[in-house]
Amino acid sequence: MDGLAVEGRGVVLGYGARAALHDVDLAVPAGTTTALVGPNGSGKSTLLGAIAGLVPLRAGTLTVGGRPPAAARTRVAYVLQTGSADEVLPVTVREVVTMARFAGRGLLRRLRAEDRRAVADALDRLEITDLADRHLRELSGGQRQRVLVAQGLAQAADVLLLDEPVTGLDLVSRQRILRVVDEERAAGRAVVLSTHDLDDAELADHVVLLAGRVVAAGPPAAVLTEANLREAYGGRLLRTAEALATDEHLHAHAAGERHDAGTIPAS
Ligand SMILES: Nc1ncnc2c1ncn2[C@@H]1O[C@H](COP(=O)(O)OP(=O)(O)O)[C@@H](O)[C@H]1O
Ligand SMILES: [Mg+2]
């Protein structure tokens, strides 16, 4: 995928009568990382869902490799936030990662050597090969998250979407996942990830600061300014990323303000 992997103009997204995200412009080139930052309820997951073709647009245009997201699903790997996926099913690590090879290609297809290689490679890169025959429910949170990222990698998609891939993880899992993000970028993929950690966001090529709309977008240094963060987080800036991630009261406050402003007529 050359040039702009994901391009959005005036995108409006929502659920029921309520708009969750207003008027988003987005440009994600291949071979780059983009971090979505913002308080809880600011629209990070909703935007990822739209790129994955799972959340329909209310207005605007959004393309993945020049096509509407719903028509480009096989080119997008979407790694859900842990806790939201099927981690309690009685499936093994290898089975979960192998499922990726069937995404959009039909369940009756036989595994080829190429599929087995892709699965083995993804397990290896996340250092979970020795866990391959364990059930997901036997794993720690960090190990489970690595399995989900491995499933995303095994799809060999052009666009890799990661919803809070390192939130609350142990250091080892965190480092593995962030290293893989770097490798994917170097391999020419477009990586979009959401994070609560401003230090992680600073490592990205582009940052999009959300609060029910785009507060700021661009290089990390231009976006993660005190004024922008104060605006996004409801007028109160806490210095450390950890504080931003754990101050639920602040999040509820910031998200609530956006909700009141965010009501649009049902279509
Ligand atoms: N499935 C859903 N149904 C209804 N509202 C939703 C749903 N998912 C998210 N929302 C609402 O959309 C807004 C954005 O949520 P979300 O994208 O999950 O934010 P974030 O990922 O930044 O925490 C919030 O107001 C949230 O309550
Ligand atoms: Mg979310």
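Just so it is clear, none of the values below were taken in a lab; they were calculated from the coordinates. Because the structure is predicted, anything quoted here is derived from the model rather than measured. Here Cβ is always computed from backbone atoms with ideal geometry, including for glycine, and neighbour counts include all displayed protein chains.
Fully extending the segment from Q175 to L203, taken as 0.36 nm per residue of separation minus the present Cα-Cα distance, adds 8.8 nm. Amide H contacts of Y78: L161, each under 5 Å away and 5 or more positions distant or on a separate chain (H built 1.01 Å from N in the peptide plane; Pro and chain starts excluded).
Could you compute the FRET efficiency for A221 and L54, with r as their C-beta to C-beta distance and R0 at 35 Å, rounded to 0.05? The partial results should precede the final answer.
Numbers: r = 32 Å, r/R0 = 0.92.
It comes out at approximately 0.60.
Using R₀ = 22 Å, calculate the FRET efficiency as 1/(1 + (r/R₀)^6) where r is the Cβ-Cβ separation of R230 and N40; round to 0.05. In this case the efficiency is close to 0.85. Computed from label points 7 Å out along Cα-Cβ, the spacing between D124 and A27 is 3.8 nm. What shape does region 16-97 have by the C-alpha gyration tensor, where a ≥ b ≥ c are the square roots of the eigenvalues, rounded means a/c under 1.5, and otherwise prolate means a/b greater than b/c and oblate the rest? Prolate shape, in that a/c is at least 1.5 and a/b is the bigger ratio.
Taking amide H as placed 1.01 Å from N in the peptide plane, R189 has its amide H under 5 Å from the amide H of G31, each at least 5 places away in sequence or on another chain. Taking the centroid of alpha carbons for each part, region 144-202 and region 1-60 are 18 Å apart.
If you count, for each residue, the other Cβ atoms within 10 Å and average over each peptide, how do 205-218, 123-136, 146-159 line up from highest to lowest? Each step should come with its number before you reach the end.
On the way: 205-218: 21.6, 123-136: 17.2, 146-159: 25.4.
Those peptides, ordered most packed to least, come out 146-159, 205-218, 123-136.
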